[in-house]
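The values are calculated or read from the model by the stated rules, or taken from the named source; none is laboratory data. Bear in mind the structure is a predicted one, so any value in this text is a computation, not a measurement. Here the Cβ positions follow ideal geometry from the backbone for every residue, glycine too, while neighbour counts run over all protein chains shown.
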Amino acid sequence: MPLLHSITTHTAYLPGANNLGVVLTGDGGAIAIDTGLDKDTGRLLRRALDEAGLHLRAIVSTHHHADHIGGNDYLVRNLPGVSVYAPRIEAPLIENPLLEPIYLALGASPPAALRTKWLMAKGVPVDHLIDGNIAEIAGLTLEIIALPGHSLGQIGVAFDGVCFAADGFFGPEVLAKHGIPYAHDVAAQMASLERLAARDERFFLPGHGRLTQRSDLSATLQANRHAIERAMHAVRDALAEPGDTPAVARRVQRALGLTITGLPQYAIFVSAVAAHLGHLEMQGDVTLVMTDEGAVWRSGS
């Protein structure tokens, strides 16, 4: 069975823990939509393209998270002429991946446990910044879909009846595993789900989860909404007593029955809880106040 799975005439993907999209340029070339976690994923993508007789001409990095840009360095170093495209606001973090563990370490120089491939890929220069809703790449016109929320400026890519949705939504099995869909901005994350719901492509490929047909999209997006709302309720319930962000995160973890085994997973989880607290503050449901014990969240305005 070939490594690349065809979706439509001009699109394909490499399935895995991170789904990597491929757009065929029609002249033997290919555009990769994300490159996975590390050099091994980049090497596998190269092998899949070689097997299909395709030459990689460009990479579109949908957002800066390490599991989506980790193959960039290997591919750019080993395949001449590959250009990297990324959203303008995401580009500095793609070029300087140390910024991801820095923000997860509250702006400090991050500890060694956060300087792993799970949070810090190898950076590469971004050759072309993506602005607006159209990108001209390798002779093709790709539609760019703004999907912020999971990260600051995440995008999706639409071409030939396929929406490569990055982490704009997650497969149900992924939601069940992780408990809280990671968010930078919960309101933007919810709005991006609605933006995807209005799309009419035949197929939708999430970064994590199964290729989804349009007929199944509504149920999958509803599962994402439910997971976000469940997390929101857990955060709100955790403020039955005031607490700082780590204390609230511990209560949410217990309420959701989640097991956290490593510092990277913990840092991501606390960051997601903080995003929900920020969202509740914007709604006027919670306040952050300074006390003798530090910055404490309380229910009510």
Cβ-Cβ below 9 Å, separation at least six or inter-chain, first residue in segment 242-255 and within 19 Å of A105 (Cβ to Cβ) and outside any helix (DSSP H, G or I), second modelled with pLDDT of 95 or more and among the β-branched types (V, I, T): which pairs?
D244/V296
Within segment 259-301, the residues that are surrounded by 16 or more Cβ atoms within 10 Å (Cβ to Cβ) and over 13 Å from D185 (Cα atoms) are I260, L263, P264, Y266, A267, I268, F269, V270, D285, V286, V296, W297
Name the residue that is surrounded by the most Cβ atoms within 10 Å (Cβ to Cβ), counting only residues in segment 1-45 that are closer than 19 Å to H68 by Cα and among the polar types (S, T, N, Q).
T35
Helices (runs of 4 or more DSSP H) wholly inside segment 1-98 that include at least 3 residues being in contact with a Leu (Cβ under 8 Å, 6 or more places away or on another chain)
39-51, 91-95
The listed residue being under 28 Å from P110 (Cβ atoms) and under 22 Å from the mean Cα position of the chain (by Cα), out of S271, S218:
S271
Top-ranked residue in segment 99-147 [being of a type in the set (D, E, K, R) and in a loop (DSSP other than H, G, I, E, B); ranked as nearest to the chain's Cα centre (by Cα)]
K117
